[in-house]
Structures are given as C-alpha cells and as structure tokens.
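Visitor: This is the structure I have questions about; it appears just below.
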Amino acid sequence: MDVLRRAGVDGYWWDNNTGSKGIADLISFASLTKQKNSKLCKDGECLDDIFLTQLDEKLAGITKNTVIVLHQIGSHGPAYYLRYPEEFRRFKPDCRTAQLSDCSRDEIVNAYDNTILYTDHNLSEVIKLLKKHQDTVDGAMIYMSDHGESLGENGLFLHGAPYMFAPAEQTHVPFIAWFSDQYAQLTGLDRSCLQTYADAPTSHDNLFHTVLGMMDVVTKVYNPNLDVFASCRSKAIANPIRPQS
Ligand SMILES: [Zn+2]
C-alpha cells in the first residue's frame, strides 16, 4: 500500500476484521465493524456485505487511480455460523456455536461451506458493482485468502499451525481475479492467456508484485517474474505510474 501511495495511487483500507496490522497506517483506514444500525451487524460483528453500499458510493466518485482493500471476515472461525445470513444456510445441519466440540464434524463442515457460499456471493456482488460503474471506472478485482482452515482432518481444527508443519488444508488458499473489458483493453491483458495459467502454482509471495503490475507502477522493487499476470500482458501502458522519489 505504501509503494502504491508513493506512486500517487489513492489507497483505502476498509476493515471488517481485526485491523490492518500496520499495513494501512499511511493510507485512509476505516473500520466497518460494530455498526449499530445495520441489519448486517449483530453482537459487534458484521457480515461482509457491509462493504457493498460504501463501495457503490466510492466507485461513483472515483476520478483517479485507486486501490481499495476490503479486509473481509470471510470464513474466520470458530464462529462460522456468524459469517452468513439465514438465506445462505444452504448446507444443513450447520454447527450453530463457536464451541466446535459441541458439533459433529459434518455440522462444522456444513457451517464452513455456508461461509464459502457467502464469500462467493460477496465477491460476485463486488464484481457486479465494478460492472455497474464501468462507464467511469476501468475496474479489476483480486482476491486472496490469508490462510485455509482445518476442519477436523487428522484431528486438527482452525488454522494456527506453524507454517512448517501446517497441513495443506491450512496453507492451500483460493486466489481469484476478475478484470473488466475496459481494464483488460487498457492494460493489454489477454484473459484467455490467463486461463491457461489458472492452475499454475502461486503463493502470497506473488501478491505484492502482481498488484504493482496490475496498477502498472514502475519501481525497482517490482519483480516481473513474480507478477503472475505479466506474461499475459501484451503491451506497455502509454502512461505508467511512476513513484516520486
Ligand atoms: Zn485470517
């Protein structure tokens, strides 16, 4: 976020989790949790759709290069059942307590699967908003989870295992990207080329460079070999963003 900021990109960090851990100290930060009058919030926590109204309004007013971070609560446990509303209670019976030992493994998995369904919905709503504002915003979305989750495999739950010992359930994470037609055209991004890389191994190490590449920031800290979209970008942008020193 700091490199983007130095390049003159407007940065926003909207938080529906436990803060930015210092990452958003130099940019605009807003916590969306604990909103009292929203029907999306209850007991001091909010569903991730809490971002949408604010995102709609922000997109309507964007006039310059902007990156908005939506720090979701996502599938964070152990209170999986609080992460989705009644209409997303599709997998049942679902564990209705944070006391996982009071639930069967199937109930825990069902509750977790409902959180995934809701995140899927939430991301699709973000994409819908980017489409809604496509006349004024050449939008793109990148989504990456911070970690996976153990749901009882080998007797493990949640995600706290040290990286060296952590099972694949905790370290294998989803990584999703969406690009509008206008964004793909502007940046010379070949989306069918990207499809051929869909199963290529990537990691959190790629995120920094991939985001800088997405925003076409020219800086020596950018490594194109770690930008997972670089090989599908066919042309340089006429006016790349250069950070001021
Ligand atoms: Zn987390």
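Visitor: ILE73: β-branched (Val, Ile, Thr), within 30 Å of ASP10 (Cβ to Cβ) and either in a loop (DSSP other than H, G, I, E, B) or within 16 Å of the ligand (Cβ to nearest atom) (or both), yes or no?
Guide: Numbers: β-branched (Val, Ile, Thr): yes; within 30 Å of ASP10 (Cβ to Cβ): yes; either in a loop (DSSP other than H, G, I, E, B) or within 16 Å of the ligand (Cβ to nearest atom) (or both): yes.
For ILE73, the condition - β-branched (Val, Ile, Thr), within 30 Å of ASP10 (Cβ to Cβ) and either in a loop (DSSP other than H, G, I, E, B) or within 16 Å of the ligand (Cβ to nearest atom) (or both) - is met.
Visitor: It is to be established whether one or more residues within segment 51-68 are away from the ligand (no atom under 16 Å from the Cβ), assigned to a loop (DSSP other than H, G, I, E, B) and either hydrophobic (A, V, I, L, M, F, W, C) or surrounded by 15 or more Cβ atoms within 10 Å (Cβ to Cβ) (or both).
Guide: yes
Visitor: Being among the aliphatic types (A, V, I, L, M) and not in a helix (DSSP H, G or I) is the filter here, so list the residues in segment 122-146 that pass it.
Guide: So the first thing to find is which residues in segment 122-146 are among the aliphatic types (A, V, I, L, M), and the list is 123, 126-127, 129-130, 137, 140-142, 144.
If the condition is that a residue be among the aliphatic types (A, V, I, L, M) and not in a helix (DSSP H, G or I), then VAL137, ALA140, MET141, ILE142, MET144 are the ones that fit.
Visitor: Can you work out which of the residues in segment 18-35 that are closer than 15 Å to ASP48 by Cα and surrounded by fewer than 19 Cβ atoms within 10 Å (Cβ to Cβ) is nearest to the ligand (Cβ to nearest atom)? Write out each step before concluding.
Guide: To start, the set of residues in segment 18-35 that are closer than 15 Å to ASP48 by Cα comprises 18-19, 30-35.
Narrowing the set further to residues that are surrounded by fewer than 19 Cβ atoms within 10 Å (Cβ to Cβ) leaves 18-19, 30-31, 33-35.
Working: THR18: 8, GLY19: 12, ALA30: 19, SER31: 16, THR33: 14, LYS34: 19, GLN35: 21 Å.
Looking at the filtered set, the residue picked out is THR18.
Visitor: Does segment 154-175 contain at least one residue that is more than 19 Å from TYR80 (Cβ to Cβ) and within 17 Å of the chain's Cα centre (by Cα)?
Guide: Looking through segment 154-175, at least one residue is more than 19 Å from TYR80 (Cβ to Cβ) and within 17 Å of the chain's Cα centre (by Cα).
Visitor: For TYR81, which of the numbered conditions (1) away from the ligand (no atom under 16 Å from the Cβ); (2) under 30 Å from GLU153 (Cβ atoms); (3) in a loop (DSSP other than H, G, I, E, B); (4) touching a Ser or Thr at 6+ places or on another chain (Cβ under 8 Å) fails to hold?
Guide: Among (1) away from the ligand (no atom under 16 Å from the Cβ); (2) under 30 Å from GLU153 (Cβ atoms); (3) in a loop (DSSP other than H, G, I, E, B); (4) touching a Ser or Thr at 6+ places or on another chain (Cβ under 8 Å), the lone unmet condition for TYR81 is (3).
FYI, it's all coordinate maths here, none of it is from the lab. On a predicted model such as this, the values are computed, not experimentally measured, just so you know. Glycine also receives a Cβ, built like all others from the backbone with ideal geometry; neighbour counts cover every protein chain displayed.
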